[in-house]
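Reviewing the structure listed below.
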Amino acid sequence: MAKKVPLLPILSITFVGTLGYSIIIPFLVYLVEEYGGNAIIYGILGATYPAFQLFGAPILGKWSDIYGRKKILFLSQTGTLVSWLVFLSAMLVPLTVFGEFDSGFLGTFSITLPLMLIFLARAFDGLTGGNISVANAYLADITNEKNRSKNYGKMSIASNLGFIMGPALAGVLGATSLGYFLPVYAAILISIIATILVAFYLPDANPCDNEESIRRTGLRKLFNFEQKECIESKNDRKIKFSEITKIEGIPFVLILYFLVFLGFSIFYTAFPVHAQQTLKWSVTELGIYFSAISFIMIIIQGPVLSRLSKKYDDSTLSLYGSIILGTNFVLLMFIDIKLVYLAGVLFAVGNGIMWPSVLSILSRLAGKKYQGAVQGFAGSAGSLAGIIGLTVGGILYVQLNSTTFLISAVIIYLTFILSFRLIRLEKKCVSKEEFEKQFDPGVQIANS
């Protein structure tokens, strides 16, 4: 039985972390262009974070199984704070040009000192950026099976609240005389708050059903960095990817995880460039658009998802969500502003229904023993998709313009077709959970 730990601290950390990240989304494409880059450089910059997260997320996920979620979340938040300080330094150094390039395929761009520092900041943030996968594992630790989907919906709400306020703040603060500096100052302050929340307000979660701490002396005891082991298996800290792939359903869900992130990543590179170059939007207009999407998503993942989850299985919700999400990308091919905003509504509805359901199924298939490792490898799958999608998204938009969104639509429609297998996997998972409850001595005592 998962411990009854208040959700507010982890939800607050998720909200603050997302707020700090999303505050830069509306003006990053403008900043890259100002420092000598173009759409393709913007895409490569976007891919830098997941490229380094690909290496960092599995390690942090495993460490969270060994040392506890709280310590690794603190490490991750500290890394984010440092990366924002490096980002600020990029805006303060002189615009030194190291080289200029003019290529038919890559376009015209310059390599400058500010751009290099921004790349460094994103790389370091990605390397320590396992906070999402660790937060998902933390939520699984403190959530029972009955409330799992609903609580992942709450996690998504907290994340989307950050996405509402982040772009909105960027639009308002970026319009002041301080320009892009004020949003970055805000991001640094937000990161400090998130680090304090982890250090002082987040209860630690036990990643094991049964746990013994190895008593240590010296520096390890002084810094409370004792290694945790599960009684069931003393080799959990050495979990390999080959072990994860042997868990029924996990490889398939990781493939879905990859495809969804691939479709998203192409969109997240192409759309800001599309808004800037084709729709001729300002930073404020782009911020309002992303804020509106996130606001609708909160409504969907709150009362709407709560009611739907009582009537439909996670696999069914995933199917409905993916078909709605794919349709949104089709509408983005058209320049009509009404269709662009309708696409935003469909994006919010589709993603709001689908993504918490996929996360819920993934966590149920993983079980407590492999929760951190599975979430870490899922983060790596998302990072790999991000590397490909964010890089290719910029290149595709230069070559195809708004037709790029059709590629995202095809990818999401493919996940719709593949997701029919989730129905069978979820039925097996439910049968297994019922069997374990039937023979759980604790449940038998409670029922007697």
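The values are calculated or read from the model by the stated rules, or taken from the named source; none is laboratory data. Keep in mind that what you see is a predicted model, and the values were worked out from it rather than measured. Reconstructed Cβ throughout: ideal geometry from the backbone, glycine too, with neighbour counts over all protein chains shown. The accessibility values were calculated without ligands, DNA or RNA, using every heavy atom of the protein model including side chains. Shrake-Rupley method; radii C 1.70, N 1.55, O 1.52, S 1.80 Å.
Answer yes or no as to whether LYS71 is basic (Lys, Arg) and in contact with a helix residue (DSSP H, G or I) (Cβ under 6 Å, 6 or more places away or on another chain).
Considered against the rule, which asks whether it is basic (Lys, Arg) and in contact with a helix residue (DSSP H, G or I) (Cβ under 6 Å, 6 or more places away or on another chain), LYS71 comes out as no.
When region 91-133 is examined, which residues are found to be part of a strand (DSSP E or B) and surrounded by fewer than 21 Cβ atoms within 10 Å (Cβ to Cβ)?
Correct list: VAL97, PHE98, GLY99, GLU100, PHE101, ASP102, SER103, GLY107, THR108, SER110, ILE111.
Go through (1) open to solvent by 20 Å² or more (accessible area, probe 1.4 Å); (2) modelled with pLDDT under 75; (3) closer than 21 Å to TYR42 by Cβ one by one and return the number of the condition GLY171 breaks.
The failed condition is (1).
Considering region 382-398 alone, what residues qualify as being over 14 Å from THR48 (Cα atoms) and surrounded by 24 or more Cβ atoms within 10 Å (Cβ to Cβ)?
TYR397
For PHE258, indicate whether it is touching a residue at least 60 places away in the same chain (Cβ under 8 Å), closer than 14 Å to TYR341 by Cα and not β-branched (Val, Ile, Thr).
No; evaluated as a whole, the condition is false for this residue.
Only one of these conditions is not met by VAL184: (1) under 21 Å from the mean Cα position of the chain (by Cα); (2) over 23 Å from MET297 (Cβ atoms); (3) open to solvent by 10 Å² or more (accessible area, probe 1.4 Å); (4) of a type outside the set (Lys, Arg). Which number is it?
It is condition (3) that VAL184 fails.
Report, by residue number, each residue of region 271-283 that is open to solvent by 20 Å² or more (accessible area, probe 1.4 Å) and assigned to a helix (DSSP H, G or I).
GLN276, GLN277, VAL283
Say whether the condition of being touching a Ser or Thr at 6+ places or on another chain (Cβ under 7 Å), farther than 28 Å from LYS280 by Cβ and either not in a helix (DSSP H, G or I) or not hydroxyl-bearing (Ser, Thr, Tyr) (or both) is met by at least one residue in region 406-421.
Yes: one or more hits.
Looking at GLY43, GLY36 in this structure, which one is assigned to a loop (DSSP other than H, G, I, E, B), in contact with a Ser or Thr (Cβ under 6 Å, 6 or more places away or on another chain) and either surrounded by fewer than 23 Cβ atoms within 10 Å (Cβ to Cβ) or not aromatic (Phe, Trp, Tyr) (or both)?
GLY36
Please specify each residue of region 356-376 satisfying the condition of being in a helix (DSSP H, G or I) and either of a type outside the set (A, V, I, L, M, F, W, C) or surrounded by fewer than 24 Cβ atoms within 10 Å (Cβ to Cβ) (or both).
Of everything in region 356-376, those that are in a helix (DSSP H, G or I) and either of a type outside the set (A, V, I, L, M, F, W, C) or surrounded by fewer than 24 Cβ atoms within 10 Å (Cβ to Cβ) (or both) turn out to be PRO356, SER357, SER360, LEU362, SER363, ARG364, LEU365, GLN371, GLY372, GLN375, GLY376.
Looking at LEU286, LEU325, LEU305, LEU317, which is the one that is modelled with pLDDT under 90, within 29 Å of ARG424 (Cα to Cα) and open to solvent by less than 10 Å² (accessible area, probe 1.4 Å)?
LEU305
Looking at GLY68, GLY56, GLY61, which is the one that is open to solvent by less than 10 Å² (accessible area, probe 1.4 Å), in contact with a Leu (Cβ under 8 Å, 6 or more places away or on another chain), over 23 Å from SER282 (Cα atoms) and modelled with pLDDT under 90?
Criteria check complete, one pass: GLY56.
Can you tell me how many residues in region 194-205 are crowded, with 16+ Cβ neighbours inside 10 Å, part of a helix (DSSP H, G or I) and hydrophobic (A, V, I, L, M, F, W, C)?
Summing the residues that are crowded, with 16+ Cβ neighbours inside 10 Å, part of a helix (DSSP H, G or I) and hydrophobic (A, V, I, L, M, F, W, C) in region 194-205 gives 3.
Pairs please, first residue from region 279-305 and within 13 Å of LEU161 (Cβ to Cβ) and touching a residue at least 40 places away in the same chain (Cβ under 8 Å), second anywhere and open to solvent by less than 20 Å² (accessible area, probe 1.4 Å) and not in a helix (DSSP H, G or I), Cβ atoms under 7 Å, 6+ apart in sequence or on different chains.
Sorted first by the residue in region 279-305, then by its partner, the list stays empty.
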